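Let me begin by presenting the structure, written as structure tokens, before commenting on it.
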Amino acid sequence: MLIRGGTVVTAEGERKADVLVRAGKVAEVREGIEGGEVVIDATDLLVLPGIVDPHTHLLLDTGTARTADDFESGSGSAAAGGATTFLDFAPQLPGQTFDQALRTRLDLIEGRSYVDFGIHLNITNLPHGWEQELEALIDAGVTSAKVYTTYRDTIFYTDDWTWYRLMERSGDAGLLVQVHAENDAIVVGKTQELLRAGKSGLAYHPIARPAVAEIEAVARGLVFSQQTGSPIYFVHLSSPRSVDLITAARDHGVQAIAETCPHYLVLDDSLYAGPDASRYVMTPPLRDRASQSQLWTQLLQQRIHSLGSDHCGYSLAQREGIDDFSQISPGVPGVETSLLLLYTFGVLQRRMELRQLVHVLSTNPAKIFGLWPRKGDLRPGSDADLVLFDPRPSRVLTAAELHSRAGYSPYEGLTVHGKVRTTIARGQVIYRDGAIVGHPGFGQFLKCAPFDPKAVPL
């Protein structure tokens, strides 16, 4: 396959070049390549590495609610948005070993994904002999694990002693610990206070989960990282103060990495006062516009290192009639819109360089999670994962153009610029001009390399 005449953008910069693909790999990137059994004209298009989404919940089943999206619909939506790799979470249920949790998740995904995928383990307990299990998990290609500091009495919660013991060993083992950072006592206490006052509507969702809950849990995680020497990755940060703490810790040698999500860059907490508040319920919640502006500054200053969609595709029908923030299942769809939003609101509105867009959407996530240079780059030997992105179209975003079974988007109604024309995974066209043309089962499980401290972005 020859992709001819486009502007190739990598984390190093952009240039006019052709891309030759052989046997699913990038063979050459330069001007003037001849040949190719299949030739794709990329004139006036940006040719980007496939998006590596490090944070998805394409099928989330909490025991009380299950997302409308499964791995087939979620991975198809990913492909339509230019994502050729996603990393999802395997929950460790009570009584499960690490390996049992992984195998249970793989049984759900394998044969059902349009694109390649990796796995993070969600560790909730450390069974007898867990140290040897951790080594086996790394050997199996799962080199990152998430802990939740909130949602006590659910399948997700990890207490501090378990978290700290894990981090005493994770660094030497090559495991990167990820943290959903919210102080549970603050969230529970504030929630109970609001409910006692009769303030249960969705407008109170951001008040129930104040920024200080996130900031405190980030500070705790940084202490754990500093004391153990183990690296730490903070997911879906909503508060610029959290990023400030991470930046300061990094200046003192702590290996801390910051992730945020498009919704914290594009939407704000005023939406909770409107009639469509159920479209915007996620945790942590949206913050005010001043926080949003500061997050953009931190992203452009490279103090935020990766962008994850945190896709969690509940449908609006699942929330119909629920106007109680304590009873609604949080999460919004977004795996299909990350590239579109970052181009519109970052590149066009805030003068983000295209190479930086590639950094936070592709190259950095691939490096952090042990997939680079196979993923996240366009260089000879990399997987031929490419996105042909047309920067010219402008439109009002509607749910009708999206492929998630959630059936809506929190970004619906925004004016956006650009369009994914073609998505190619390992040399195969899987999405073209509005249609998914690949097949579920093409996507492969990716074994991630152990965490490399040198991969932490500077």
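The values are calculated or read from the model by the stated rules, or taken from the named source; none is laboratory data. What you see is a predicted model, and the numbers here were worked out from it, not measured in a lab. Cβ atoms come from the backbone with ideal geometry, glycine included; neighbour counts cover every protein chain shown. We work out accessible area using only protein heavy atoms, side chains counted, and drop any ligands, DNA or RNA first. Shrake-Rupley method; radii C 1.70, N 1.55, O 1.52, S 1.80 Å.
Within this structure, residue 279 passes the test of being basic (Lys, Arg), open to solvent by 20 Å² or more (accessible area, probe 1.4 Å) and within 20 Å of residue 315 (Cβ to Cβ).
Among the residues of region 418-445, the ones that are among the basic types (Lys, Arg), more than 27 Å from residue 105 (Cβ to Cβ) and in contact (Cβ under 8 Å) with a residue 12 or more places away in the chain come to 2 in all. The residue pairs whose first member lies in region 231-258 and is under 15 Å from residue 299 (Cβ atoms), whose second member is of a type in the set (Lys, Arg) and modelled with pLDDT of 95 or more, and whose beta carbons are closer than 6 Å, counting only pairs six or more residues apart or on different chains, are 238/287; 243/303; 247/303. Between 30, 66, 103, the distinction of being over 18 Å from the mean Cα position of the chain (by Cα), over 29 Å from residue 130 (Cβ atoms) and open to solvent by 10 Å² or more (accessible area, probe 1.4 Å) belongs to 30 only.
The set of residues in region 283-293 being free of Cβ contacts under 8 Å to residues at least 60 places away in the same chain and surrounded by 17 or more Cβ atoms within 10 Å (Cβ to Cβ) consists of 292 alone.
Residues in region 61-88 that are in contact with a Ser or Thr (Cβ under 8 Å, 6 or more places away or on another chain) and in a strand (DSSP E or B): 61, 83, 84, 86, 87, 88.
No other residue among 407, 418 is modelled with pLDDT under 95 and surrounded by fewer than 24 Cβ atoms within 10 Å (Cβ to Cβ) apart from 407.
Each row is one residue, and each column tells you yes or no for (1) among the hydrophobic types (A, V, I, L, M, F, W, C); (2) closer than 26 Å to residue 54 by Cα; (3) open to solvent by 30 Å² or more (accessible area, probe 1.4 Å).
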{"position": "195", "(1), (2), (3)": "yes, no, yes"}
{"position": "218", "(1), (2), (3)": "yes, yes, no"}
{"position": "223", "(1), (2), (3)": "yes, yes, yes"}
{"position": "230", "(1), (2), (3)": "no, yes, no"}
{"position": "239", "(1), (2), (3)": "no, yes, no"}
{"position": "245", "(1), (2), (3)": "yes, yes, yes"}
{"position": "251", "(1), (2), (3)": "no, yes, yes"}
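Search region 113-128 for residues being touching a residue at least 60 places away in the same chain (Cβ under 8 Å) and out of contact with any Leu (no Cβ under 9 Å at 6 or more places or on another chain), and hand back the single one that is least open to solvent (accessible area, probe 1.4 Å). Only one residue tops the list, namely 115.
Here residue 394 passes the criteria (1) surrounded by 24 or more Cβ atoms within 10 Å (Cβ to Cβ); (2) among the hydroxyl-bearing types (Ser, Thr, Tyr); (3) in contact with a strand residue (DSSP E or B) (Cβ under 6 Å, 6 or more places away or on another chain) except the one numbered (1).
Scan region 89-100 residue by residue and report those that are in contact with a helix residue (DSSP H, G or I) (Cβ under 9 Å, 6 or more places away or on another chain) and part of a helix (DSSP H, G or I).
Our first condition is that a residue be in contact with a helix residue (DSSP H, G or I) (Cβ under 9 Å, 6 or more places away or on another chain); within region 89-100, this holds for 89-93, 96-99.
Correct list: 98, 99.
Selection of region 333-351 for residues being hydrophobic (A, V, I, L, M, F, W, C) and open to solvent by 10 Å² or more (accessible area, probe 1.4 Å) yields 340, 345, 347, 348.
Taking the numbered list (1) part of a loop (DSSP other than H, G, I, E, B); (2) surrounded by 15 or more Cβ atoms within 10 Å (Cβ to Cβ) in turn, residue 413 passes all entries but (2). Any residue at all in region 149-170 that's out of contact with any helix residue (DSSP H, G or I) (no Cβ under 9 Å at 6 or more places or on another chain), of a type in the set (A, V, I, L, M, F, W, C), in contact (Cβ under 8 Å) with a residue 60 or more places away in the chain and within 28 Å of residue 205 (Cβ to Cβ)? Looking through region 149-170, at least one residue is out of contact with any helix residue (DSSP H, G or I) (no Cβ under 9 Å at 6 or more places or on another chain), of a type in the set (A, V, I, L, M, F, W, C), in contact (Cβ under 8 Å) with a residue 60 or more places away in the chain and within 28 Å of residue 205 (Cβ to Cβ). For residue 165, the criteria (1) more than 20 Å from residue 227 (Cβ to Cβ); (2) open to solvent by 30 Å² or more (accessible area, probe 1.4 Å); (3) not hydrophobic (A, V, I, L, M, F, W, C) hold in every case but one, which is (1). Cβ separations smaller than 9 Å between residues 6+ apart or across chains give the following pairs from region 185-204 residues that are in a helix (DSSP H, G or I) to residues that are modelled with pLDDT of 95 or more and among the basic types (Lys, Arg): 186/209; 187/209; 190/209; 191/209; 193/199. Among the numbered conditions (1) under 29 Å from residue 145 (Cβ atoms); (2) more than 15 Å from the chain's Cα centre (by Cα); (3) modelled with pLDDT under 95; (4) open to solvent by less than 30 Å² (accessible area, probe 1.4 Å), the only one that residue 318 does not meet is (4).
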